[in-house]
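Everything on this sheet refers to the single structure shown next.
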Amino acid sequence: MIRPRKALQTEVPGLAARRIAAEIIEGVTRQRRTLDDQLDGAHGNPGLPALSDRDRALTRMLVATVLRRLGTLRHLLLTYLANGFPADAGRVETILLLGAAQILWLDVPDHAAVDLGVRLAQADRRAAHYPALVNAVLRRVAREGRETLESLDTATLDTPDWLMARWRAHYGGERAHAMAAALAYPPPLDITIKTDADSWAARLRGHVLPTGTVRTTMSGPVSRLPGYAEGEWWVQDAAAALPVRLLGEVNGLTVADLCAAPGGKTAQLAAAGATVTAVDRSAPRLSRLVTNLARLGLRADVTAADATQWQAGPFDAVLLDAPCLATGTIRRHPDIALLKRESDLAPLTALQSRLLDKAIELTKPGGRIVYCTCSLEPEEGEAQIAALLARNPHVRRQPVTPDEVFGQSDMVSPDGDLRTLPCHLPDADPQRAGLDGFFAARLIRT
């Protein structure tokens, strides 16, 4: 563990941010802790609150860049290390990852990235024997790294082998590669607006997507952007905003939102005039949902419960955003690619099946159910619905039409389900392109 000298921490700008970034990266890669837990959780990194807003943003950017580009970074560094990473060198690997990421992808002068890397090594008890190695390797990255990158298939290197194999099998090689390439860039900020999207797009220096979401690349704390404190909008990926639209007109209807936290879809339903009951098993996540609804001036009945055991209704409609592998959100949560395993699928799909059965039970005859997941894996989407229709004669699919997704016919599967991919919504600027991977099916209880 690094034990920074106070003088260094106060005299060298940016050193504390990089030290904390190193701790968080190792929290993911060595301790298998999620980014959310380390950045915002009750047991988050204790050094973050002491940083300025600018340094907190820098820390997040450093961590996200290393995790998104981890496969490429390791491959590149190993070409410059004849004997691999030293086994007894403590944090040297992480320090090199951070330094190389700054040199290759971030707006940090090469000499600053090298110097701060050396200082991090000097401040670590075990890495203190290797500042010369850190200096030499990072200088070589600065000289040769950009040229070396041009010869690498970075999209494949940065995607776990098991995940790339699955995507190739289901989506084909070309599309799988396009999906992986889209995940390499920081995501834009997507916003769902209560009213007058065009006006808010101008104020937020963004543009209105074909799906109605406002997309902006404004930086800084979200809470300081125009309209946030007034409750005029909330952050929600463009793909995540689509499933609610599949329920159609919900004004005056009773709707159960299962697995509702953090609450973006609950807010959509409430803003559209539905009487919403939001259910989630996590009380802390529901607390955030309640806080967001209060800021937005919206209302919902909120219940902490295991949705598979919950007794209520029947409702006019049910929205089920089921727990899943979440591979569609890797661009926003790059730790997912490192923490999730293919073996996680079986228990998740079993839970999704139970939740689907409960959603149908909670729905009035003739009512609609929308099932969705932020997953790119067919077992959690297409196969899940096929199995449901095979076992339950009292439910049928109501196909989605391209008109319902604003003419985006490539987002509608041959069976009539919604399927968004990270490579959808292309743009000349890759940081303004793409969206989360989502699956959604609309069903009718007959």
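Read the figures in this text as sums done on the coordinates, not as results from a lab. The shown structure was predicted, so the numbers you read here are calculated from the model rather than taken from an experiment. Cβ coordinates were reconstructed from backbone atoms using ideal geometry, including for glycine residues, and neighbour counts include every protein chain displayed.
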Item to complete: Describe numerically, in nm with one decimal, the distance between label points set 7 Å from Cα along Cα→Cβ at His394 and at Arg30.
Response: 5.5
Practice prompt. May I ask for the net charge around Leu77, where only other residues with Cβ less than 10 Å from the Cβ of Leu77 are counted and Lys, Arg are +1 while Asp, Glu are -1?
Written response: +1
Discussion item. Please give the charge dipole size of the chain, origin at the Cα centre, charges +1 on K and R Cβ atoms and -1 on D and E Cβ atoms. Round to the nearest 20 debye.
Written reply: 1020
Item to complete: Rounded to the nearest 10 degrees, what's the angle between the helix 283-296 long axis and the longest principal axis of the chain, both from Cα atoms, 0 to 90?
Response: 80
Fill in: Cβ-based net charge around Arg288, under 13 Å, with every Lys or Arg adding one and every Asp or Glu removing one
-1
Item to complete: Only loop residues by DSSP count here, and only those with at most 16 other Cβ atoms within 10 Å; note down the GluC sites (Glu not before Pro) in the stretch 208-298 that meet that.
Response: Glu230, Glu249
Worksheet item: Is it possible to state the helix-based mean residue ellipticity at 222 nm for the chain, with each DSSP H run of 4+ residues giving -39500 (n - 2.57), the sum divided by total residues, to the nearest 500 deg cm²/dmol? What is it?
Response: -12500 deg cm²/dmol
Item to complete: Answer rounded, prolate or oblate for the stretch 238-445, using the Cα gyration tensor with square roots of eigenvalues a ≥ b ≥ c: rounded when a/c is under 1.5, else prolate when a/b is larger than b/c, else oblate.
Response: rounded
Worksheet item: So for the pair Asp198, Ser353, with labels modelled 7 Å out along Cα→Cβ, what separation do we get in nm?
Response: 5.0
Worksheet entry | Positive dipole terminus of the stretch 6-152, leading residue within Ala22, Ala100, Leu81 (C-beta point charges) | Leu81
Worksheet item: Using alpha carbon centroids, what distance separates the stretch 381-398 and the stretch 152-207, in Å?
Response: 28
Worksheet item: By how many nm would the segment from Gln311 to Ala294 lengthen if fully extended, with 0.36 nm per residue of separation less the alpha-carbon distance?
Response: 3.5 nm
Worksheet item: Packing-wise, with mean Cβ within 10 Å as the measure, how do 138-149, 390-401 rank, highest first?
Response: 138-149, 390-401
Worksheet item: If each residue's Cβ is checked for other Cβ atoms within 10 Å, how do Glu404, Glu150 rank with the fewest at the top?
Response: Glu150, Glu404
